[in-house]
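K.L.:
This is the structure, below, for whatever I ask next.
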């Protein structure tokens, strides 16, 4: 019988301080999950194992420079622990760019992976949907989007339990000829793949459920993710303001409180606690910068679930199926002249 | 004293049929606004002047081809009327791509304009905000974004009445070094311009009020617009579902009905009825495909307001201020090597 899953937790990531991170890690600790805290000497880890580190990467530091300069930061040391087999996954609420840089440098890409991508679960109304890339790569080529779709499909299958995940390409119209140069090229690659590609999808349906996997470049994905979060929050806050503007409304507001709380619970980004950075030789979970202890606990459990379902192995198997020749032909196709729009 | 503003209205655009369009145009007709209907012989225009046309451009036709092949379509004829001075503005709820193509071909660009852009009003909580480009140009260069910012600022000043409009560049972080290659380049151009540039803005704040003018490429803008519309609708519908799941909730739901109606009214895209296509030698208003008569009436009034405020003249003046040398230097700057990210 295997021992518990060891998850390296960066205590210095995030806005709420190490106590909140430790409390979250402790809450997730169980017979099957063993958090390992990376942080400064003297940190009260509530009995969890501490790996002492001497440096810290700030939220605003330049990622690549910080990762190279601060080898003994909690974030880098936690990633290195995965590389060295002392942990099976890493969780950080720190600088996302630094996680990406440390992942590439210390955990390294899986064979065949062009670019790791961030897979984020959208808590859509008709069931969860994976958005990939949610922000790792601001500029992408079509072949990156094809790999995001492959990685997202494995994620949807293993983690969300979708037997045959559908893939949608986020664009500005459902017709194949609608989009920018990147989506036109990616559409052809996806249509020629063995994925269950349902064509372009529009942003209108994202919160309903556009597809099991929604693929886009990391700039678009990150903008969309923030627009969704902000629009939901503003819509509900605005409604509350309108409701409390009259005494009749206030009475109604009290009565609908449980319903509103259920909706906020559904939409809460803390439910998953973080996003997977997929395409590395180990599992990375990037938690929201302002994660509460509940979010961190869920992020640690979410990481453990990925280990249990052997997500990294599944990705390695899938990407190893593509021969180098296939990759070359994909590259040639994605660089060929576009069809006339 | 000038005569009424003549607005050419394409009766065949949109999903609801010509009767709805005519009803909307009629509702907007007044002493100062005179709609001119473009549609087939025999159409009952309720007394409004009819310009008979013999062809129709469908919502799914390829824009450039359709516009060239169907010179006597209601959409093309309405645009030509602006060019020929028989109308001062055109309104269509038809094929957006065809409006863009017909505008470029028949109304033509203002001197100095690289690409026309769609300026859409976001009904943000702390006051309206202009999103430009909301979908005319799927692939853009940095110098296009600079012009969108200039055109959007004139729109915000003249139409929204903002004395000194602020400009925000939609990106994935507020720091200047966050973004994709396009926004990094555009950031430098905007920072060097005489606009009131407040830097990058994030999607999180769009529905609150990120800036008076929010600039982005047309792919991102169109995706964002649809994400906002869909997320608002789904959030409120979902809340209604939660509310009506219990009898306590149902009672509360009745009490908050007026508040919810006020919010829906605020957020209703029909309030403006359409978006301006800016950068042409005449004013084009693109109405939503599923516009009701109320939306069409508002779109016609919105067009008349643009004429009253001489928006096209203001754009021409602003863009004529830029000498060809300035444009060349802007182009050189935008094509120079990016700073290291």
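K.L.:
Is it the case that the range B:136-155 has a residue that's part of a strand (DSSP E or B), within 14 Å of another protein chain (Cβ to nearest Cβ) and farther than 30 Å from residue B:253 by Cα?
P.N.:
Of the residues in the range B:136-155, the ones part of a strand (DSSP E or B) are none.
Within the range B:136-155, none of the residues are part of a strand (DSSP E or B), within 14 Å of another protein chain (Cβ to nearest Cβ) and farther than 30 Å from residue B:253 by Cα.
K.L.:
Now for a separate question. Counting only residues that are touching a helix residue (DSSP H, G or I) at 6+ places or on another chain (Cβ under 9 Å) and surrounded by fewer than 16 Cβ atoms within 10 Å (Cβ to Cβ), which one in the range A:37-51 is nearest to residue A:95 (Cα to Cα)?
P.N.:
Top of the filtered list is A:40.
K.L.:
Could you list, ordered by first residue, the pairs with Cβ atoms under 9 Å in which the first is in the range B:163-190 and without any contact (Cβ under 8 Å) to a residue 12 or more places away in the chain and the second is outside any helix (DSSP H, G or I) and surrounded by fewer than 18 Cβ atoms within 10 Å (Cβ to Cβ), at least 6 apart or interchain?
P.N.:
B:180/A:139
K.L.:
Hey, another quick one. Go through the range B:205-240 and give me each residue that's within 21 Å of the chain's Cα centre (by Cα) and free of Cβ contacts under 8 Å to residues at least 60 places away in the same chain. Don't jump to the end; show me each part of the working.
P.N.:
First pass over the range B:205-240, keeping only residues within 21 Å of the chain's Cα centre (by Cα): B:205-233.
If the condition is that a residue be within 21 Å of the chain's Cα centre (by Cα) and free of Cβ contacts under 8 Å to residues at least 60 places away in the same chain, then B:205, B:220, B:223, B:226, B:227, B:229, B:230, B:231, B:232, B:233 are the ones that fit.
K.L.:
Give the range B:207-225 a look and list any residue that's surrounded by 24 or more Cβ atoms within 10 Å (Cβ to Cβ) and facing chain A (nearest Cβ under 7 Å), or say none.
P.N.:
Within the range B:207-225, B:207, B:219, B:220, B:222, B:223, B:224 meet the criteria.
K.L.:
What is the number of the single condition among (1) at the interface with another protein chain (Cβ under 9 Å from one of its Cβ atoms); (2) surrounded by fewer than 18 Cβ atoms within 10 Å (Cβ to Cβ); (3) over 30 Å from residue B:61 (Cβ atoms) that residue A:161 does not meet?
P.N.:
The single condition residue A:161 does not satisfy is (1).
K.L.:
Among (1) within 21 Å of the chain's Cα centre (by Cα); (2) modelled with pLDDT of 95 or more; (3) closer than 13 Å to residue B:90 by Cα, there is one condition residue B:34 misses while meeting the rest; what is its number?
P.N.:
All conditions pass for residue B:34, except number (1).
K.L.:
Something else now. Considering only the range B:10-30, state which residues are surrounded by fewer than 17 Cβ atoms within 10 Å (Cβ to Cβ) and under 19 Å from residue B:72 (Cα atoms).
P.N.:
B:17
K.L.:
Looking at this structure, is residue B:7 surrounded by 14 or more Cβ atoms within 10 Å (Cβ to Cβ) and either without any contact (Cβ under 8 Å) to a residue 12 or more places away in the chain or not in a strand (DSSP E or B) (or both)?
P.N.:
No, not satisfied.
K.L.:
Related question: Pick out the one residue from B:199, B:127 that is under 24 Å from residue B:309 (Cα atoms) and either at pLDDT below 95 or more than 10 Å from chain A (Cβ to nearest Cβ) (or both).
P.N.:
Working: B:199 fails: under 24 Å from residue B:309 (Cα atoms).
Matching residue, one of B:199, B:127: B:127.
K.L.:
Identify the residue in the range B:234-252 that is touching a helix residue (DSSP H, G or I) at 6+ places or on another chain (Cβ under 8 Å) and under 30 Å from residue B:118 (Cα atoms) and, among all such residues, is farthest from the other protein chains (Cβ to nearest Cβ). It would help to see each step written out before you state the result.
P.N.:
If we filter the range B:234-252 for residues that are touching a helix residue (DSSP H, G or I) at 6+ places or on another chain (Cβ under 8 Å), which is where we start, we get B:235-236, B:238-240, B:242-246, B:248-252.
Subset that is under 30 Å from residue B:118 (Cα atoms): B:235-236.
Details: B:235: 5, B:236: 6 Å.
Checking each candidate, the answer is B:236.
K.L.:
Continuing with the same structure: Only one of B:131, B:236, B:207 is outside any loop (DSSP other than H, G, I, E, B) and within 25 Å of residue B:277 (Cβ to Cβ); which?
P.N.:
Values: B:236 fails: within 25 Å of residue B:277 (Cβ to Cβ); B:207 fails: outside any loop (DSSP other than H, G, I, E, B).
B:131 is the lone residue from the list that is outside any loop (DSSP other than H, G, I, E, B) and within 25 Å of residue B:277 (Cβ to Cβ).
K.L.:
(1) at pLDDT 95 or above; (2) assigned to a helix (DSSP H, G or I); (3) within 15 Å of the chain's Cα centre (by Cα): which one isn't true of residue A:297, the others all being true?
P.N.:
The one condition residue A:297 does not meet is (3).
K.L.:
Say whether the condition of being within 14 Å of chain A (Cβ to nearest Cβ), under 26 Å from residue A:246 (Cα atoms) and touching a residue at least 60 places away in the same chain (Cβ under 8 Å) is met by at least one residue in the range B:256-267.
P.N.:
First pass over the range B:256-267, keeping only residues within 14 Å of chain A (Cβ to nearest Cβ): B:256-267.
Still in the running and under 26 Å from residue A:246 (Cα atoms): B:256-267.
With touching a residue at least 60 places away in the same chain (Cβ under 8 Å) added as a condition, the list becomes B:266-267.
Within the range B:256-267 (the criterion being within 14 Å of chain A (Cβ to nearest Cβ), under 26 Å from residue A:246 (Cα atoms) and touching a residue at least 60 places away in the same chain (Cβ under 8 Å)), the answer is yes, since at least one residue qualifies.
K.L.:
May I pose another question? Scanning for something facing chain A (nearest Cβ under 7 Å) and surrounded by fewer than 24 Cβ atoms within 10 Å (Cβ to Cβ), does the range B:184-195 turn up at least one residue? Steps first, please.
P.N.:
Kept after step one, since they are facing chain A (nearest Cβ under 7 Å), are these residues of the range B:184-195: none.
No.
K.L.:
Continuing with the same structure: Would you check if residue A:33 is surrounded by fewer than 20 Cβ atoms within 10 Å (Cβ to Cβ), touching a strand residue (DSSP E or B) at 6+ places or on another chain (Cβ under 9 Å) and touching a residue at least 24 places away in the same chain (Cβ under 8 Å)?
P.N.:
Values: surrounded by fewer than 20 Cβ atoms within 10 Å (Cβ to Cβ): no; touching a strand residue (DSSP E or B) at 6+ places or on another chain (Cβ under 9 Å): yes; touching a residue at least 24 places away in the same chain (Cβ under 8 Å): yes.
No: the conditions fail for residue A:33.
K.L.:
Which residue is nearest to residue A:275 (Cα to Cα), if the candidates are limited to the range A:80-100 and must be in a loop (DSSP other than H, G, I, E, B) and in contact with a strand residue (DSSP E or B) (Cβ under 9 Å, 6 or more places away or on another chain)? Write out each step before concluding.
P.N.:
Start the filter on the range A:80-100 by keeping residues that are in a loop (DSSP other than H, G, I, E, B), which leaves A:84-88, A:93-95.
When the remaining residues are screened for being in contact with a strand residue (DSSP E or B) (Cβ under 9 Å, 6 or more places away or on another chain), the result is A:86-88, A:93-94.
Numbers: A:86: 22, A:87: 18, A:88: 16, A:93: 10, A:94: 13 Å.
Filtering the range A:80-100 for residues that are in a loop (DSSP other than H, G, I, E, B) and in contact with a strand residue (DSSP E or B) (Cβ under 9 Å, 6 or more places away or on another chain), the one nearest to residue A:275 (Cα to Cα) comes out as A:93.
K.L.:
Among the listed residues A:172, A:107, identify the single one that is at pLDDT 95 or above and in the same structural domain as residue A:215 (by TED's automatic domain parsing). Walk me through how you get there before you give the answer.
P.N.:
Numbers: A:107 fails: in the same structural domain as residue A:215 (by TED's automatic domain parsing).
Exactly one residue qualifies, and that residue is A:172.
The values are calculated or read from the model by the stated rules, or taken from the named source; none is laboratory data. Note that the coordinates shown come from a computational prediction; the quantities given were computed from them, not determined experimentally. Using ideal geometry, Cβ is built from the backbone for each residue, glycine included, and neighbour counts are taken over all protein chains shown.
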